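The values are calculated or read from the model by the stated rules, or taken from the named source; none is laboratory data. All figures in this text were calculated on a predicted structure; none of them were measured in a lab. As a convention, Cβ positions derive from the backbone with ideal geometry for all residues, glycine included, and neighbour counts pool all protein chains shown. Protein only, heavy atoms only, side chains kept; ligands, DNA and RNA dropped before computing areas. Shrake-Rupley method; radii C 1.70, N 1.55, O 1.52, S 1.80 Å.
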Amino acid sequence: MSARLSTTSNGYGSRKPSSTPVRVEFYINERSFKERLQLYFIKNQRSSLRIRVFNFFLMAVSCTLYCVRVILDDHRHIACHGCTPKNFSNTTENWWGLLWVNRPVWLWALQVSIAIIMLFQTVLMLYLQHKGNICQQLMSITRILEFLNTIPFIITLFWPPLRNLFIPVFLNCWLAHAILKNMLNDLNRALQKIQTAFSQQVIILCSMLLCLIFTSICGVEHLERAAPGVDGKMNFFQASYFVIVTFSTVGYGDIQVNVWPSQLFVAIMIIAALVVIPIQLEQLAFYLLERQKQGASYSKHRAASEKHVVVCATCIQADLIMDFLNEFYAHPHLQDYFVVLLSPVELDNTMRLLLQIPIWSQRVIYVQGSALRDQDLQRVRMDDAEACFILSPRNVMDRHEADQQTILRTWAVKDFSPNLPIFVQILKPENMFHVKFADHVVCEDEFKYALLANNCLTPGTSTFVTLLIHTLRGHEGSDSDSQWMRMYGRSSGNEVYHITLGDSKFFGEFENKSFIYASFHAHKKYGVALVGVKKDEEDSEIQLNPGPKHIMQASDTCYYFNITKEENSAFIFADSDPEKEREHKRKDSKSSLHNEPSSSSKIHSIIASVGTLAIEYYHHGATRQHGAPTESRSDLLSRQSQSQETQEGNHNAVDTQEQGSMAIELQERRANDPAREALVTGKPSTSSGRNLLIPPAGEEERVPGRRRPSILPVLEIMSSDPEDEETGITFTAEKVETEVDGDIEDIKVWDAKNESDWMKGYPPVAPYIGYTPMFSHLLANPRKLCCLELDQPCSHSNHHCARDYNWPNNSIIVAVESTAPGLYNFIVPLRAHWRPKHTLKPIVIMVEKRPDTVFLESIAAFPLVYYMIGSIESLDDLLRAGILQADTVVVVDRESSKLAEEDYMADACQVVAVQTMFKLFPSSTIITELTHPSNMRFMQFRAKDYYALKLAQKQKREKERGANLSYMFRLPFAAGNVFTASMLDTLLYQSFVKDYMIIFTRLLLGLDQAHGSGYLCEMKITTDDLWIRTYGRLYQKLCSTTFEIPVGIYRTQMQSDSKSELSVTIDDDDQSSTCLSEERAALAELVRSKMKKLGLPESDYDAEATEKRSALSYVLINPGFDTKLELDDVIFIIRPAGGPNASSPMPPRRKYSTRRPKTEGEKREEPQGSMDTRL
C-alpha cells in the first residue's frame, strides 16, 4: 500500500510535512488469494501437517477399499458395467480379466469421492508450487501416480460402462509412503517431537517393505486373473502367502504363478527388492552407528515414573565417571536412581566397555549432546531430574577455559530449569562468583591448597579428610595379618552423619547438658564422636565444638563421626534390667536447664559422671623438677610391649553383619571389675582391681616431686557457682594456665622492639573477586615487594638464602609452577588468627615463573611469607630455599605436565624430582600432589621393597572387591605424604545426600569461619603424657580441662615397633648395603660441594640421617575408647573458639622444632622495614 503525505509551504519556500497521522500496514503482499493459500497449505507448519495427515488417511482408505474390492470380486462376471459377461474356456487365458473387474456401486461411489478430493488437491498444489517449467512437475512420479488413480474415476462419472474398469489404486501406498516421510519431518518442526534419525529411518524402512510387499500381493493377484479356469486363479490370501514365501527365499512351491505377465512381475519385484532393501539397510546401519555414538534419549515415561540425575561433562573420562558412580551408588536409597551422562564428545572404547557391564548398563544412560542446546536438555529430561552435576574435566592444560565451559553449562541449566538443584565443580577460585547461585559448589584449587596447608602442621590431614568424604564399609583390611591394617581399615569406615537430638538414641539422653559432656559420654557409651551442632534457628550455622557453654536442645542437629548412621544401628544392652532402664530414662527426662540444681545434686551429678575417676589435679610449675631422669624410648617401648593390648577399636562396638547395621553393646563400667581390667590392661586380673584413671603403681616414684596425676570429671553444665568451689572440682582458665608456664620460653624467641608491627585483622587486599576475608595474623605495615623475594638483596635486606634469615622455626617450602590466586588459600590457614605467634612457620614459595604484582600485593601483609624463582629439579635452588631448615616441602602438580602424550605420564616430572629429593635429603618430609592416584606407588620407589610389593597385592585384592579407595593401604597415602585433587571429587557427590558436607569440610580446613565454631589442630603425645594410657582417658582429659574434642590419631611406627612387618623391606645383603653406602656417600659429597659453592656451612647437612623408609604412618579416625596411646602419636583435636587460654592440657613442651643446631650468640636479623615479630 502506498501512502501520500500532504505538505505545506512556509514563507521561505521550504516544505514541511503535515502533522496528520498516517496508518501504515505491513505484509500487504500476503493478502492475495494465492499467498493466503500458500500460507495455509505450505508455509504454516501446523496447518500443512494437518493436511498431510488427512492425505495419508485418504491414501490408506483407498488401499483398504481396493482390498475390499478384491475380496468381493467374482471372477465369473468379467465385463464392462451393464454388459453381458462372456464365457471363456478353461484352457485359454482370459486377458479381459485384466481390464475389467466387478465393482459394486457403493464401492465405486466411495472411490470416486476420494479421487475427486485427491485430484483437487493435486491441481491446487501444482498451482501453489508452480515455479519454473510446469512439465517437470507434471512428469514427476508422484504426479503421474496421482493422475493415474484419479482421472479414470472422474471419467466414469460421464461414461457409466467404464465403472468396472480396472484402476491400480493399490499404487496409492507409495503416495502414502512419500507423505509419511514428509510428515515425520513436519512432526519434528511443528510439534517439537524429539525423533532421532535412526527411529525415522526405521519407520521409513518398514514403510517401504510394507509397500513393496503390498504392491507385489496386489499385482500378482490381479495378473493371475488371466489364468485359465476358475481354479487356477489366486485369491488375496493365496497371493499374500505366495509373496511372503517368495520374498523370504523359502519357496515351498505349493503355489505358483501360471501366466507369463505375473511371472515377469514377480521377477521385477524381486530385483527391485534386492536393490532397494540393501540400500535402506545400509542407511539404517549408518544411523545405528551414529546413534551408538550419540547415545539414546531418556524416555519421558521413564522420567515420570523413575528418578534420575544428569551428569554434564566436557569429556566422559573413565576415572571421573567411575568415581562418581561408585560414590553415588554407595548410598542405599540411591540404588533405584538412573544416571544420565550428557557430553558433547563421543564415548571412547574404555568407557563404552564399562557402560556395558550389567551393573551399569541397567542404570547409566549416555546421551551425546550439549548442555547449551535446549533440545539436548529435553532429551535428558532435565526438567524432571532430581539434580544436575556439572563436572570439570581432569588433566586439562587450560583450566580457565575449562571453567568458562563449566560456567556456561551452569547458566544454561539454570535458564532451562530454574528450580533444579545444581552441583558444580569449578577449578579456579576466581571463577566461583559466576556460579554462586548454584546449590553446591566445590572449587578444586581452594580445597586443595587448604588441605595441603593443614597437612604441613597436622600430618595426615589429607588422608583424614579423604577417608571422611569417601563411603567405605570399615571392612577393608579385616582379613590382613597386619594389626595396623585392621585398625586403619576399620577406622576408615567412619563418616560424617547428622541427626536431630530429640530423635537420637545416641544423644537424646544429653538434652539440657553441655556439648562437651554429650560428646565425651556419647563416645564412652556408644563409640561415636560428636563434633558439631547446629541450632534450630534462622540463619544458624554449623558449629564445630561450640564449647561447654552450648547447652544441647532437642531441636539441635548433631554432627558426629561413626561407622554407620544411627538409623542403621541396633542397640543391645548387656545385663540390663528393663525396669531400671525405664527408671533411668524417667529420671533423665526430669532434668531441666532452667532449674538451678542444688549443691547436693551437683555433687551427686559429679560423682555419677566420674564413675571410677579419682578427683585429683595434675599440677605443674614449681613442683615439677625438670632435671628429673626420664625413661629412654627403648625402655619405654619394652615396658609398653609387656602390656600390649588389642587396638582394634572400642570393645563396645560389635559388628553384626546383618543388613549393614551395627550392634552396639552397652556394658556397665564398674570400678572393680577384674574382667574389664584384664581386658584393658592386658594383665591377669586380680581381686583388688585398680582405678583406670590413676597411673600404674610406682609411676609417681619415677618422677620425684610430682603429685600423682589424675583426670577431672566432665561436668554436665559449666557453672561458676561458689558452691562448686567447695567440692574441689572447679577449674578456671587461671588454674589451667599454670600447666603451660613452660611455653613462655618459646615466646621469648619472638621478642622484638615494636609489638605494634603485628596485628590481627582481615587482609587489606583480596586475591580475587568473591573471596571471603579471613581473620588472620597480619603486619601493620605491609612489606615492600622487593623484600618478598627471598634470595635477592634489596635496599632493606642483604640476605641471599633462607639460612641468612635465622628463623626460629623451621620453614615450609611450597613448590609451584606459577602463582595462582588459589595459592592464597595455602597461606591463610597457616596464618589463622587462633595460631600462636611463636608457632608460625615461615613460608617460602618456590615458583618457576615470576609472580605478578597482584599476587605479591595480596601476600605482602602476611608475616614470614617469601618467594623465590627456582625449581625443585635444581639442587642450588633447594639449598637457597632452605630445605635443610624446612619442616615440610610441598610439591604442587604442574599444569604444563598435563600435555603428556600418554595420560598417566603427567606425573613423571614430579615423581622423578621428588625421588631425587628423597635421595639427597632423606630426612625431609615431602608432600606431593599427583595427577593420577595410581602413580603414588612410585613415591620413594625401590625395586627390592618387598613390603611395598606386598601392599601392591593388597591393593589389587581391594580393587577386585570393588573398594572405592583401593589405594588406601599404600604407605604414601596412609601417611598423608601424597595427594591428588581427584580425592576431593566425592565431596561434591556426597553433598547430594548430605547437603552439609561442603560447609562442614570448609570449617574443618579453616576455609570458613563461623561464629562460635572451633577449628582443627593437633597435639603430640610425649613421654610425659603416657600416664593417660588410653584414647578414652585422653578424651576425658581434654574435655574436662581445655574443652577440646579428639577426633583421630596419626600414628607412626618405627621398624622396631611394627613387629617385623617392615623387616623385609630391604634386601640387607652385603653387596646391597655396600652399594647403598657408596651411593649415599656420593650424594653427600655432591650436596656439600654445592653448599660450599653457595657459601653455606657444610655442618648443616647431616649425611648420617637415616631415611624415613622404615617408618610406617597411618590415620585412625574416631578410634575406640580403649585404644592405647603410643609415643609420638599426633592427636587430631577440634579446639573450641574462645575457650580457655591454655593451648593444651598436656605438660609443657616446645611448640616448634629445629633440626639445625643454633650457634651460641647467633643473632637473628630481619630485613629492615619488613616486620617485627614480637608477641
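Observations on the structure shown:
- All C-alpha to C-alpha distances of segment 459-561, sorted into 10 Å bins beginning at zero, yield P(r) values of 15, 40, 29, 14, 2, 0 percent in whole numbers.
- Over all directions, the projected convex hull of the C-alpha atoms in segment 265-339 averages 8.4 nm² in area.
- Once divided by 2.2 N^0.38 Å, the Cα radius of gyration of segment 364-432 becomes 1.12.
- Taking every protein chain into account, the 1.4 Å probe leaves Trp174 with about 70 Å² of accessible area, to the nearest ten.
- The heavy atoms of Arg970 present about 30 square angstrom of accessible area, all protein chains included, probe 1.4 Å.
- Highest average packing first - 244-253, 842-851, 1091-1100, Cβ atoms within 10 Å: 842-851, 1091-1100, 244-253
- Restraint check, Lys784/Lys837; Lys428/Lys994; Lys428/Lys448; Lys505/Lys535, Cα-Cα greater than 20 Å: Lys784/Lys837; Lys428/Lys994
- Filtered trypsin sites (Lys or Arg not before Pro), segment 481-553: DSSP coil and at most 15 other beta carbons within 10 Å: Lys505, Lys549
- If the convex hull is drawn through the Cα atoms of segment 963-1045, its volume per residue in Å³: 169
- Accessible surface for segment 821-902, divided over its residues, is 28 Å² per residue with a 1.4 Å probe.
- Kirkwood Rh and Cα Rg combined as Rg/Rh, segment 291-421: 0.93
- Percentage of interatomic Cα-Cα distances in segment 243-285 larger than 11 Å: 71
- Sorted peptide list for 50-58, 1041-1049, criterion being average Cβ within 10 angstrom, highest first: 1041-1049, 50-58
- Nearest-10 value in Å² for the accessible area of Met759, using the 1.4 Å probe: 80
- Principal axis extents of the Cα atoms in segment 834-889, from largest to smallest and rounded to whole angstrom, are 36, 29, 12.
- Accessible area per residue for segment 435-567, computed on protein heavy atoms with a 1.4 Å probe, is 28 Å².
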